[in-house]
Each structure stands twice: as C-alpha cells, then as structure tokens.
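What follows draws every value from the coordinates through simple rules; no lab data is involved. If you're wondering where the values come from, they're calculated on a predicted model, not measured in any experiment. Using ideal geometry, Cβ is built from the backbone for each residue, glycine included, and neighbour counts are taken over all protein chains shown.
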Amino acid sequence: MKYDIRDAELVRNFSGKLGGVFTISDLSNMFGQAHKTALYRRIRRLESLNILTRFSRGVYVSKDFNPEILSQRLAPESYISFGNALADARIIGSSPQYQVDAVKIGKSRVYSNGAFTVRQFGCTRRVFFGFFTTEVIHRAIPEKAFLDTLYFYQHGVRFHFDIYSDVNMDLLNKSKIDFYLSRYKNPKFVQFVKWVLK
C-alpha cells in the first residue's frame, strides 16, 4: 500500500518520543488521518508487518516499547510500585520481565495482551501518595512501594518475590515508614507492617 513505508517511518520516528506506546489519537495525528475506517485500515497493515501490536483497546505498542510508559499511558493517574519500584531501588533482586505493577485511584484493573501484563491496583485518594516523577513516569519511593506491597498482599495479591525473605529491610527508612503508616486507618495492617519489620 502507498502508506506502508511512510507510516512505518513515522512510527519509528515517534517511537522514542512516546516510549513506543501509541494511542488511536496519537496515530490519527501522526498520519493526519481523521477518517476512522481508513485509520484502522492503516493500523491493521502495520500490525500485519509486525511494526505495531495491539496491547489493549485503543493502545498499540512498537517492538521497543517502554513497559512503564505503557502503564502510565493506560492510567495517567497512577504510579509504578511494588516489585518494579523495589527492584529499581535494589531493595529486592529483580522485577518480572513481562509485567508492570502500579497503583491507581479507583478500581483495580488488569491489562494483558498474552505476552505482557500491566496490573493497576486500586486505592483510595487517602493513600495515594509517596511517589516522585521522572520525565513522564510516576514511581513510588521504596518505603511506599514496601507498604503498597504489604497492603495488597494482605488483600490476597501475590508477587514474584517473597515479602518475608527477599526484601532487604536494612535499606528501608523505618522512620519514613512509621510516618507513612499514620495515613492508614486499619490497625490490623499497621500491626502487620510492624510485625514484618521485626
């Protein structure tokens, strides 16, 4: 098709800037294509050429996409946490290669295309804190990632690491954890955190 080479080049050119994550709106603007039928035809062609892969409804990724940017684009009001943030701070050994875990306000949601998974765990606004921003990615500080992990572990969520043996507690700021715990109103959770830290 006449657009194949130009469209593929546009995707490659914008991939670095967008972290390899493209929404329908991004692609429509890139291609200058407002007509939906024509736009989806061009997207399907790029999929058949393995230049783009549909990740979820309205979101496509290129081969070199950034998983954390994908998570942020799926839920802009969210932050990377749990094992991903703990591994980044070297509190645990490694994070899962094909999964990103994050915290968002509202209901939990899992996105997956079979090969890669983004888990967005919902919380209240009261405990939506303890993160910083680098470029376009919001990331929990280690102490908040630790609390997030224990909180959701108590609610039945399982992680790729053992919360009792794989976390280097010596690298966590206990005073900061105590300060953050004052934001949590569940006494059982507070006691659980203190027990794990002993």
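Couple of notes before you dig in:
- Of the strands (runs of 3 or more DSSP E) lying entirely inside the range 110-198, those containing at least 3 residues that are surrounded by fewer than 18 Cβ atoms within 10 Å (Cβ to Cβ) span 131-134.
- Whichever residue in the range 13-28 is surrounded by 13 or more Cβ atoms within 10 Å (Cβ to Cβ) and assigned to a helix (DSSP H, G or I) and, among such residues, is nearest to the chain's Cα centre (by Cα): L18
- For the range 21-59, filtering for residues that are over 12 Å from D7 (Cβ atoms) and in contact with a Ser or Thr (Cβ under 7 Å, 6 or more places away or on another chain) leaves 3.
- Any chance L172 is in contact (Cβ under 8 Å) with a residue 12 or more places away in the chain, over 19 Å from S108 (Cα atoms) and touching a Pro at 6+ places or on another chain (Cβ under 7 Å): yes
- Residue pairs meeting the criteria (Cβ under 8 Å; at least 6 apart or on separate chains; first in contact (Cβ under 8 Å) with a residue 40 or more places away in the chain and surrounded by fewer than 16 Cβ atoms within 10 Å (Cβ to Cβ), in the range 82-99; second in a loop (DSSP other than H, G, I, E, B) and of a type in the set (S, T, N, Q)): R90/N168
- S28 touching a helix residue (DSSP H, G or I) at 6+ places or on another chain (Cβ under 7 Å), under 30 Å from M169 (Cβ atoms) and not acidic (D, E): no
- Criterion: β-branched (V, I, T), farther than 26 Å from T23 by Cα and in contact with a strand residue (DSSP E or B) (Cβ under 8 Å, 6 or more places away or on another chain) - qualifying residue of I141, I92: I141
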